[in-house]
2 protein chains.
Amino acid sequence: MAGAEEVDLARAEVLAANDEFYASVEAGDLERLASVWAAGDLAADATCVHPGWPSVVGREAVLRSFALILANSPYLQFFLTDVTVRVTGEVAVVTCTENILTGVGEDTAEGGGELTGGRAMTVNVFHSTPRGWVLWLHHSSPVLGHVESDEEG
Amino acid sequence: MAGAEEVDLARAEVLAANDEFYASVEAGDLERLASVWAAGDLAADATCVHPGWPSVVGREAVLRSFALILANSPYLQFFLTDVTVRVTGEVAVVTCTENILTGVGEDTAEGGGELTGGRAMTVNVFHSTPRGWVLWLHHSSPVLGHVESDEEG
């Protein structure tokens with residue numbers, strides 16, 4: 001069994017990897033994003049579900065999907081809430097609520113485009129590797145306004 | 001390292017647990033469903049995201065959310081496709097496409113209600129316990145028609 005200190009360290013590392021994932025998307029930096037995602041043996045089943053999308057499977061397809069999203073998003077910012085981390089051996093499962101601020105429309109010299117907000121429920125599964133924790137599965141789903149939540153009762 | 005036979009056995013057990021989850025929902029059997037879900041130490045962070053919903057956290061809240069869904073669904077049937085299983089130590093991650101057939105409207109002596117189809121992308125995380133693999137996290141997200149898929153390249 002891993003000691004409490006080891007578990008705390010792993011949790012901190014996983015949270016740092018999770019933060020780096022969102023920071024690289026916010027920065028629109030595909031190279032940084034590529035280093036976050038699983039490679040090598042884990043590349044083939046790297047899996048990504050963007051809100052409202054079907055699955056995208058495989059490292060290259062996943063990175064292409066982000067390139068497409070970044071190309072169509074002049075602005076993206078994430079405020080994470082309800083972050084939980086479960087570390088079990090080589091796998092870590094992070095759940096969080098992504099509160100997303102996106103830019104829509106053209107950002108011109110006269111002024112920026114409009115901003116809109118959205119919310120997505122997310123699970124990120126990380127895998128431990130010699131080069132640290134890498135993102136193996138990202139699944140983000142839209143919260144639809146017309147569906148009643150059972151959370152309160 | 002676990003041998004190939006052990007891994008195959010674990011994969012088969014996880015798939016059986018995954019099948020039992022869907023069978024219990026189809027049967028509308030809350031007791032069966034309760035025995036699929038994580039209990040004990042794992043109960044507090046059992047997490048469920050129904051398509052379009054915010055997260056439901058904790059075993060009791062999760063089971064209540066299913067009771068609500070089952071009460072409002074005269075008919076539910078799942079056809080799973082694209083099933084993948086990753087077993088790493090005590091955690092197993094299943095991804096699948098849920099092709100869902102639901103009954104809408106009243107089922108009367110004169111005839112059944114209408115059936116509608118839907119599709120959801122799902123990740124199910126199972127945890128190994130002395131009583132077998134239990135469902136720890138279920139995250140199912142709607143595939144929205146108006147979003148273009150990048151799957152085809």
Fill in the blank from the handout: Pairing a residue in segment B:69-81 that is part of a strand (DSSP E or B) with any residue that is open to solvent by 60 Å² or more (accessible area, probe 1.4 Å), where Cβ atoms lie under 6 Å and the two sit 6 or more apart in sequence or on different chains, gives B:Leu76/B:Glu26; B:Gln77/B:Glu26
Handout entry: Qualifying residues in segment A:45-62 (those that are of a type in the set (A, V, I, L, M, F, W, C) and surrounded by fewer than 20 Cβ atoms within 10 Å (Cβ to Cβ)) - the one nearest to A:His139 (Cα to Cα)
Key = A:Val57
Completion exercise
Residue pairs within 6 Å by beta carbon, gap of at least six or interchain, first lying in segment B:19-35 and farther than 20 Å from B:Thr84 by Cα, second of a type in the set (Phe, Trp, Tyr), listed first then second, are B:Leu33/B:Phe66
Completion exercise
Flagged pairs (Cβ under 6 angstrom, 6 or more apart or on separate chains; first in segment A:106-124, more than 13 Å from B:Val49 (Cα to Cα) and modelled with pLDDT under 95; second part of a strand (DSSP E or B) and among the small types (Gly, Ala, Ser)) are A:Gly113/A:Gly103; A:Leu115/A:Gly103
Exercise for the section: State all residues of segment B:49-73 that are of a type in the set (S, T, N, Q) and within 24 Å of A:Val49 (Cα to Cα); if no residue qualifies, say none. Expected result: B:Ser55, B:Ser65
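Within the group A:Leu33, A:Leu9, which residue is in a helix (DSSP H, G or I), at pLDDT below 95, closer than 30 Å to B:Glu90 by Cα and away from chain B (no Cβ under 11 Å)?
Numbers: A:Leu33 fails: at pLDDT below 95.
Going through A:Leu33, A:Leu9 in turn, just one is in a helix (DSSP H, G or I), at pLDDT below 95, closer than 30 Å to B:Glu90 by Cα and away from chain B (no Cβ under 11 Å): A:Leu9.
Looking for something farther than 17 Å from A:Leu135 by Cα and exposed (fewer than 14 other Cβ atoms within 10 Å of the Cβ) - is there at least one such residue anywhere in segment A:37-44? Give the derivation first.
Just the residues of segment A:37-44 that are farther than 17 Å from A:Leu135 by Cα, to begin with: none.
Scanning segment A:37-44, I find no residue that is farther than 17 Å from A:Leu135 by Cα and exposed (fewer than 14 other Cβ atoms within 10 Å of the Cβ), so the answer is no.
Restricting attention to segment B:59-84, which residues are under 28 Å from A:Asp82 (Cα atoms) and within 10 Å of chain A (Cβ to nearest Cβ)? Let's see the steps before the verdict.
Residues of segment B:59-84 that are under 28 Å from A:Asp82 (Cα atoms), as a first pass: B:59-70, B:84.
B:Ala61, B:Val62, B:Arg64, B:Ser65, B:Phe66, B:Ala67, B:Leu68, B:Ile69, B:Thr84, listed by residue number.
The values are calculated or read from the model by the stated rules, or taken from the named source; none is laboratory data. Remember, it's a predicted structure, so these values are computed and weren't measured experimentally. Positions of Cβ are backbone-derived with ideal geometry, glycine not excepted, and every protein chain shown enters the neighbour counts. For the accessible areas, the whole protein counts, side chains as well, though only heavy atoms, and no ligand, DNA or RNA atoms are used. Shrake-Rupley method; radii C 1.70, N 1.55, O 1.52, S 1.80 Å.
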